[in-house]
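K.L.:
Handing you this structure, nothing more for now.
No lab work stands behind these numbers, since they all come straight from the coordinates. This one's a predicted model, so the numbers in the text were calculated from it and none came from an experiment. Every residue, glycine among them, receives a Cβ derived from its backbone with ideal geometry; neighbour counts consider all protein chains shown.
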Amino acid sequence: MVKRRTVMFAVLAAVVAIAAGCGSSSGDSSGSGSTPASSTGPVKLTMWWWGDQEAAGMKNFVADSVQKYEAEHPNITIDTVLQSTDNLMPNFAAAAKAKQGPDIEYRWGGIWNLQDAWDGNLAAVSDYIPQDELAHYLNASEDTSGGKVWTAPWYVQPSFPVLYRKDILKDAGVAVPTNWDEFLAACDTLNSKGITPIAGGVKDGWFGGWLYSIMGSQSLTSIDDLKEAVVGDKKFTDPEFAEWWSKLQEMIDHKCWNDDIGSQELYQAQQTWVDGKSAMTISAGTEVGNFVKQVGQDKVGVMAMPAYGDGIGAGKLGSTSQTLGISSWSPHKQEAADFIMYLHTPERLAAFYKATGALPADDRFDSSSITVPQVKDLFDMSKDGSPYLENFIPTDLDSKGNFEGVQLMFAGSESAQEAAANMEKEMDRIRTIQPDLIDNFKEWAAN
Amino acid sequence: MSTPAGARRKRRSRRRTPWQALLWIAPAFLSIAFVFGYGVYRVVEEALHREGEWVGLDNLRIVIDDPPFRTAVGHNLRLLLTLPIIIAIALVLAILLYEALRGWRIHRFAVFLPYILPVPVVGVLFGQILTLHGMLNSSLETIGLGGLAHDWLGDPDIALFSLASVIIWKELGFGVILFLARLLSLPGDLYEAIKVDGAGFWRSHWHVTLPMMRSIIGFYVVIEGITLFSWVFSYVYVMTRGGPGDATQVTETYIYDNAFTSDIPWLAASAATVLLLGFLVLAAAFLVFRAVLPKRSLG
């Protein structure tokens with residue numbers, strides 16, 4: 001009797017365990033967890049995005065937009081999920097593997113969304129947003145491949161202005177530098193007076209990409225040069241690609257940077273500029289309004305990185321837009337596109353600027369509403385912007401070439417020549433390991 | 001009063017057949033097999049394919065030849081070199097606590113506290129303490145040792161050493177408690193006997209404590225070895241993200257970066273498979289070594 005009961009119990013327990021293990025694999029696997037519905041039926045959209053990371057006030061704007069949109073479309077609910085900088089890409093990569101996750105995804109421009117497009121993780125927005133509407137969205141060209149626009153520009157990211165403290169420069173007797181030699185001379189003078197010339201932080205790596213984009217573009221004659229280097233027709237050790245490393249070394253030699261740049265994260269270092277401990281910093285264009293508010297309108301000036309060369313980026317800001325994409329597995333692609341278009345309505349464009357002080361990526365935005373002089377300067381500079389280099393190289397090259405190279409140069413462990421050589425070595429590695437990516441680049445470059 | 005026949009019946013009823021035991025452990029075994037076994041199967045399957053096509057061992061060859069992977073493995077091996085330091089310090093602390101030095105309860109708490117702190121919290125704290133103008137360097141300057149101040153996490157030559165120091169600080173507590181528990185279970189008459197022979201503090205612990213603790217030390221070696229080779233992701237991710245450059249890149253961050261940041265899943269899966277095979281070889285070697293080693297009765 002005891003024996004029979006023992007056997008029955010054990011078998012029953014085993015069956016329950018197996019059933020529980022199998023049960024989770026037979027659940028609903030549709031894109032956002034909801035079953036497809038017509039646009040008149042209930043629709044739930046999930047949006048993964050970046051929050052206030054580079055434009056304070058974004059969270060309030062998005063919450064307000066969602067509330068208003070849901071009021072106009074009672075069958076639609078929109079669930080917004082915040083992502084951090086470091087998790088933005090990895091989380092979407094994981095979602096893409098499982099084909100579950102957001103319907104709408106915040107993406108940086110250029111390669112940062114095109115790689116996912118080439119991998120089949122995004123649906124082209126040009127399939128859902130009419131051409132005459134899309135024509136108003138700024139910088140859509142860098143999100144275009146194979147004749148389609150893959151993500152929709154949302155707001156402009158002037159990349160990246162140098163912010164200077166007028167009060168600190170004046171007290172130090174330093175004029176605002178207008179060229180490279182004056183810039184280095186300013187570093188020398190500020191150092192002699194015990195003032196940190198420029199605050200930066202490279203511990204988290206991202207600043208390396210910024211420096212590459214605003215300095216590396218000064219020696220290129222065309223963005224096509226860069227694509228040629230990626231596919232192997234040119235080398236990253238060629239002078240037009242390597243010169244910027246030498247210029248960075250000049251800045252290091254002239255002690256232009258805070259001595260703890262290697263152990264500070266980017267946003268930590270910018271705070272020291274707000275606190276008056278350094279004369280200059282480099283900021284996301286979208287944050288300028290916020291910094292002006294913190295420091296005072298009469299104390300802040302903006303400029304492009306002083307020019308050392310005469311290439312496409314000399315004396316200019318990079319012009320790029322942060323975007324919103326639609327996941328390829330989303331069962332509500334048109335509804336997602338409709339919400340994106342809603343964000344580009346005139347009322348929403350004005351509300352965006354009012355909430356964030358950042359510039360919507362839409363030529364229908366009424367620039368006369370810009371009240372902060374420094375943001376107006378940025379807007380004017382952005383009209384004649386140059387391509388933003390980071391958006392035109394493989395993301396791996398950016399992290400392993402630029403991020404790591406800049407960290408090692410600031411640590412004194414790598415020379416400018418070694419950094420350029422490592423950039424080419426890393427590109428060579430990518431050509432070996434990711435040949436499909438290179439093929440996509442060739443097609444992108446050809447078009 | 002039980003008869004011999006009754007005793008035999010009782011012994012028969014208590015004896016379990018092997019298949020009955022298997023039935024009892026079947027639910028747990030099947031759950032583990034599904035979670036780990038299926039996961040390992042999928043990783044190995046990914047490692048043997050590229051862009052959906054079978055490539056055999058080609059991916060494994062690529063990853064073994066990949067310089068960043070070799071760098072990462074090298075860093076994990078260097079972290080393993082801290083194992084003797086961790087064991088030695090944990091032993092000494094456990095013995096001092098065992099000797100019930102004054103304030104030993106407070107010391108025990110202070111030693112174990114780091115172990116119960118979450119790793120990300122420790123990482124964030126030390127990420128600030130070890131900056132160039134952080135608390136450690138400020139303290140050194142205050143006591144006149146400013147010459148020892150360094151950019152502990154920003155200098156690629158010492159960043160891995162700094163990381164290892166934090167790991168040692170955090171992992172020590174577990175070893176101390178483990179060793180202390182074993183010490184408290186040792187028979188006291190052994191120490192009395194050796195003291196009668198004239199042995200002092202060091203001799204008594206060298207000749208009595210260490211041999212008696214061989215098995216628990218071996219256990220701790222295995223646990224910490226596994227930690228240092230495959231459980232340091234949180235430390236690296238929070239404190240340095242593998243930088244500066246690739247100075248603190250380890251195998252876990254290599255796998256993570258390729259799987260989720262670079263979106264090269266076959267490379268990440270291949271790295272995981274190579275490491276799995278490496279561990280299986282080591283485990284087999286260890287079992288063979290134990291089988292042929294003459295058994296001792298102590299411990």
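K.L.:
Could you calculate the contour length gain from residue A:94 to residue A:384, that is, 0.36 nm times the residue separation minus the distance between their Cα atoms, to one decimal place in nm?
P.N.:
100.7 nm is the gain from fully extending residue A:94 to residue A:384.
K.L.:
Treating each Cα of segment B:47-98 as an identical point scatterer and ignoring solvent, apply the Debye formula and state log10 I(q)/I(0) at q = 0.14, 0.22, 0.31 Å⁻¹.
P.N.:
With no solvent term, the Cα-only Debye profile gives -0.58, -0.83, -1.03.
K.L.:
A follow-up question, please. Quantify how strongly other chains surround peptide A:409-420 by giving the mean number of their Cβ atoms within 10 Å of each of its Cβ atoms.
P.N.:
2
K.L.:
Sticking with this structure for a sec: By how many degrees, 0 to 90 and rounded to 10, does the Cα axis of helix A:206-216 deviate from the longest principal axis of chain A?
P.N.:
On a 0 to 90 degree scale, this one is about 50.
K.L.:
Give me a comma-separated list of calculated 3J(HN,Hα) values for segment A:394-409, in order, Karplus coefficients 6.51, -1.76, 1.60 applied at θ = phi - 60°, integers in Hz, x for any Gly or Pro.
P.N.:
x, 4, 5, 5, 4, 6, 8, x, 6, 4, 5, x, 5, 4, 6, 5
K.L.:
What are the DSSP H helices in chain B that stretch 30 Å or more along their long axis, judged by alpha-carbon atoms, and whose average Kyte-Doolittle hydropathy comes to at least -1.0?
P.N.:
On the way: long enough: B:159-184 (38 Å, 1.81); B:265-292 (40 Å, 2.05).
Long hydrophobic helices here: B:159-184, B:265-292.
K.L.:
Taking the number of other C-beta atoms within 10 Å as the exposure measure, put A:254, B:133, A:332 in order starting with the fewest.
P.N.:
Placing the least packed residue first, the sequence is B:133, A:254, A:332.
K.L.:
Shifting gears a bit: Taking all pairs of distinct Cα atoms, average 1/r, flip it, and tell me the Kirkwood hydrodynamic radius of segment B:69-297 in Å to one decimal place.
P.N.:
20.0 Å
K.L.:
Here's something else I'd like to know. In cubic angstrom, how much convex hull volume per residue do the alpha carbon atoms of the protein assembly as shown span? Mind showing how you got there, number by number?
P.N.:
Numbers: hull volume 175.9 nm³, N = 746.
Measuring per residue, one finds 236 Å³ for the Cα hull of the protein assembly as shown.
K.L.:
Here is a further query. Would you order A:281, B:261, A:345 from fewest to most other beta-carbon atoms within 10 Å of each residue's own beta-carbon?
P.N.:
Ranking A:281, B:261, A:345 by Cβ neighbours within 10 Å, fewest first, gives A:345, B:261, A:281.
K.L.:
Of all DSSP beta bridges located in the protein assembly as shown, what percent are antiparallel, nearest 5? Write down the numbers at each step before the final one.
P.N.:
On the way: 27 of 42 bridges.
Here the share of antiparallel DSSP bridges comes out near 65 percent.
K.L.:
For chain A, what does the helix formula give at 222 nm: sum of -39500 (n - 2.57) over DSSP H segments with n ≥ 4, over the residue count, nearest 500 deg cm²/dmol? Working shown, then result.
P.N.:
On the way: 18 runs with 204 residues, N = 447.
Roughly -14000 deg cm²/dmol at 222 nm, from the helical runs in chain A.
K.L.:
How high is the relative contact order of segment B:69-297, in percent, counting Cα pairs under 8 Å that sit 6 or more residues apart?
P.N.:
Working: 217 pairs, mean separation 64.5, N = 229.
Computed value for segment B:69-297: 28 percent relative contact order.
K.L.:
Another question, then. By the scheme Lys and Arg +1, Asp and Glu -1, what is the net charge of all other residues having a beta-carbon under 10 Å from that of residue A:295? Please report the intermediate quantities before stating the final value.
P.N.:
Working: positive: A:165, A:166, A:293, A:299; negative: A:167, A:275, A:298.
It works out to a net charge of +1.
K.L.:
Near the amide H of residue A:283, under 5 Å away, which other amide H atoms are found, from residues 5 or more places off or on another chain, if H is placed in the peptide plane?
P.N.:
So residue A:283 has HN proximity to A:163.
K.L.:
Taking the 0 to 90 degree range and rounding to the nearest ten, how far is the long axis of helix A:58-72 tilted relative to the main principal axis of chain A, both from C-alpha atoms?
P.N.:
It works out to around 40 degrees.
K.L.:
With +1 assigned to the C-beta of every Lys and Arg and -1 to the C-beta of every Asp and Glu, and no other charges, what is the dipole magnitude of segment A:161-316 about the Cα centre in debye, to the nearest 20?
P.N.:
With Lys and Arg at +1 and Asp and Glu at -1, about 520 debye.
K.L.:
Taking the Cα atoms only, what angle lies between the long axis of helix A:333-342 and the longest principal axis of chain A, rounded to 10 degrees?
P.N.:
So the helix axis and the longest Cα principal axis differ by about 40 degrees.
K.L.:
Volume per residue, Å³, of the convex hull around the alpha-carbon atoms of segment A:161-316?
P.N.:
109 Å³
K.L.:
Related question: Work out how far the C-alpha atoms of segment A:228-276 reach from end to end along every principal axis, then list the three figures in whole Å, largest first.
P.N.:
If we take the Cα atoms of segment A:228-276, the spans are 46, 23, 17 Å.
K.L.:
Can you give me the long-range amide H partners of residue A:362? Hydrogens built in the peptide plane at 1.01 Å from N, cutoff under 5 Å, separation of 5 or more residues or another chain.
P.N.:
Under 5 Å from the amide H of residue A:362: A:138.
K.L.:
Now a separate question. Grab the other residues whose beta carbon is less than 12 angstrom from that of residue A:69, score K and R as +1, D and E as -1, and report the net.
P.N.:
Around residue A:69, the charge tally is -4.
K.L.:
Restricting to Cα pairs below 8 Å that are 6+ residues apart, what does the relative contact order work out to for segment A:161-316? Please round to a whole percent.
P.N.:
Working: 237 pairs, mean separation 71.0, N = 156.
Once divided by the residue count of segment A:161-316, the mean separation gives 46 percent.
K.L.:
First measure r as the distance between the Cβ atoms of residue B:65 and residue B:191, then evaluate 1/(1 + (r/R0)^6) with R0 = 45 Å and state the FRET efficiency to the nearest 0.05.
P.N.:
Given R0 = 45 Å and the Cβ-Cβ separation, E is 0.20.
K.L.:
In whole percent, what relative contact order does chain A give with Cα contacts below 8 Å and a gap of six or more residues?
P.N.:
Over chain A, the number comes to 25 percent.
K.L.:
Rg/Rh for segment B:94-175: what does it come to with C-alpha atoms and Rh from Kirkwood?
P.N.:
1.05
K.L.:
Now a separate question. Mind ranking A:438-447, A:139-148 by how tightly packed they are, going by the mean number of other C-beta atoms within 10 angstrom, highest first?
P.N.:
Taking the mean over residues of other Cβ atoms within 10 Å, the ranking is A:139-148, A:438-447.
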